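A short write-up of the structure that comes next.
The values are calculated or read from the model by the stated rules, or taken from the named source; none is laboratory data. Bear in mind that the values here come from a model prediction, so they are computed numbers and not experimental data. Note that each Cβ is placed from the backbone with ideal geometry, even for glycine, and that neighbours are counted across all protein chains shown.
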Amino acid sequence: MSDGTETSVHASAVKVGARAVLIRGPSGSGKSRLAFDLILSGRSGQLPPAILVGDDRVYLDTAGGEVLVRPAPRLAGLIEIRGLGIRRCDFAEQAVVDLVIDLAAADAARLPSPEALETRILGIVLPRIPIGSGFPPLPVVVAALTTTRSSLEPSFSEHCSKGIGNHMRPTIATD
């Protein structure tokens with residue numbers, strides 16, 4: 001059930017495992033390319049199975065304190081692949097957004113501030129990765145989806161189940 005806050009946005013989304021990656025950025029920044037790269041990474045086993053939710057335009061809504069993403073009806077199952085044009089592929093009808101990627105982000109940094117690693121969409125705070133222009137986004141996104149956060153963060157012991165070990169905090173990859 002929707003909370004009735006649906007909005008259309010210029011973005012792409014891919015469901016990786018059980019949750020979605022929302023990819024934002026200006027026209028030509030590589031949203032479709034990253035979406036297709038994530039799908040291919042899911043097919044190769046580098047990531048959990050990945051399926052397109054929507055390319056170029058998606059609808060966002062909230063339900064139960066989560067952001068939901070759906071494809072635009074006229075674009076459902078279509079993805080742009082540079083050099084081939086618009087292609088048809090399998091797609092998910094809906095997914096819960098768990099990570100936001102901002103391509104060509106002005107605030108991208110080698111070691112981003114904690115504030116840069118969050119964004120608010122429809123009143124809900126979500127993890128965010130700002131990627132600078134000219135930097136390949138796929139390795140960073142795969143790392144975010146398959147690794148845990150650093151033990152250098154404060155309050156690490158609350159995330160360690162046995163009180164020993166590497167004290168890594170869970171991410172989408174371990175949920």
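Applying the selection to the stretch 95-125, what residues are polar (S, T, N, Q) and under 14 Å from the mean Cα position of the chain (by Cα)? Within the stretch 95-125, just THR119 meets the criteria.
When residues of the stretch 56-76 are filtered for being part of a loop (DSSP other than H, G, I, E, B), out of contact with any helix residue (DSSP H, G or I) (no Cβ under 9 Å at 6 or more places or on another chain) and more than 12 Å from GLY123 (Cβ to Cβ), how many remain? Number satisfying all stated conditions: 3. On the given criteria, is ALA50 touching a Lys or Arg at 6+ places or on another chain (Cβ under 8 Å), under 13 Å from PHE91 (Cβ atoms) and not β-branched (Val, Ile, Thr)? Answer is yes for this residue.
Given the options ALA173, ALA104, name the one that is of a type in the set (Gly, Ala, Ser), surrounded by 12 or more Cβ atoms within 10 Å (Cβ to Cβ) and modelled with pLDDT of 95 or more. One residue alone meets the criteria, ALA104.
Listed conditions (1) crowded, with 19+ Cβ neighbours inside 10 Å; (2) assigned to a strand (DSSP E or B); (3) touching a helix residue (DSSP H, G or I) at 6+ places or on another chain (Cβ under 6 Å) are all met by GLU80, apart from (1). The number of residues in the stretch 17-33 being crowded, with 24+ Cβ neighbours inside 10 Å and touching a helix residue (DSSP H, G or I) at 6+ places or on another chain (Cβ under 6 Å) comes to 1.
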